[in-house]
Amino acid sequence: HPLLTRWALWFSKNDRTRAWRDNLHLVTKFDTVEDFWAIYNHIKLASKLSSGCDYALFKDGIEPMWEDSKNKRGGRWLVSLAKQQRHMELDRLWLETLLCLIGESFADYSQDVCGAVINIRTKGDKIAVWTREAEEQAGVLHIGRVYKDRLGLSTKTIIGYQAHADTATKSNSLAKNKFVV
Amino acid sequence: GTRIIYDRKFLMECRNSP
């Protein structure tokens, strides 16, 4: 079953002795539902990765970094997880994120999605959906509302959207939310 | 062309099909 988009799966492992870019590896690309599952079932669950590792799923042709021309004007919907959620919910939330992407779940605004990233960190894991243009308010908000609903987050949980341009100049925790849902 | 969209249910069903 062909997908609308060809996707690329990336992996990175934090090695402070090397440049960030050198730690980033393209795992594989796929463009069918069957190949997605073959890959997903073959690789480690996110919760089994060691701290400092990331997975990223991006549209073919977009690198998972702010500097890519398709990302640099964009931003991300960020889901910050408490430590105990790695055990309980992390894998479910990441799989749901992947299914949102490959299933083109954001209607016409799916074209504004660039990819998604999961960061495994001791201080708390993070999952984010990256979109192309932070100023496209209607699309960003639609994606955020659908995404929050698909993750099954309660209405009390607030997730924020940060422009990469803001995140790049501040530490992650200080970047201000441009939108919230 | 035709948009190829799969809902969550279909994607999950594909996980276990041969």
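Throughout, read-outs are computed from the coordinates displayed, never taken from laboratory work. Remember, it's a predicted structure, so these values are computed and weren't measured experimentally. Quick reminder, even Gly has a Cβ in these numbers, built from the backbone with ideal geometry, and neighbours come from all protein chains shown.
Values computed for the structure shown
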quantity	calculated
Under 17 Å from A:Lys29, Cα to Cα: lysines that are on another chain or at least 8 residues apart	A:Lys44, A:Lys59
Charge dipole of the protein assembly as shown about the Cα centre (unit charges at C-beta), most positive-ward option of A:Val129, A:Cys114, A:Gly103	A:Val129
Centroid-to-centroid separation of segment A:69-121 and segment A:1-43 [C-alpha atoms, Å]	14 Å
Values of log10 I(q)/I(0), in the order q = 0.15, 0.16, 0.18, 0.26 Å⁻¹, for segment A:71-147 under a Debye, Cα-only, solvent-free model	-0.50, -0.56, -0.70, -1.18
Footprinting exposure proxy for A:Phe30, A:Phe58 (fewest neighbouring C-beta atoms within 10 Å first)	A:Phe30, A:Phe58
Lysines whose Cα lies under 27 Å from that of A:Lys156, excluding same-chain neighbours fewer than 8 positions away	A:Lys83, A:Lys123, A:Lys126, A:Lys148, A:Lys170, A:Lys176, A:Lys178, B:Lys9
Cβ charges +1 (Lys, Arg) and -1 (Asp, Glu), total dipole of segment A:1-145, debye	720 debye
Over segment A:58-102 - Rg/Rh using Cα atoms and the Kirkwood inverse-distance radius	1.06
Inter-chain Cβ neighbour average for residues B:6-15, partner chain, 10 Å	5
Lys/Arg +1, Asp/Glu -1 at C-beta; segment A:1-145 dipole; positive extreme among A:Phe30, A:Leu9, A:Gln84	A:Gln84
Neighbouring partner chain Cβ atoms per residue of A:33-46, average, 10 Å criterion	2
Least to most buried among A:Cys114, A:Cys53 (fewest other Cβ within 10 Å first)	A:Cys53, A:Cys114
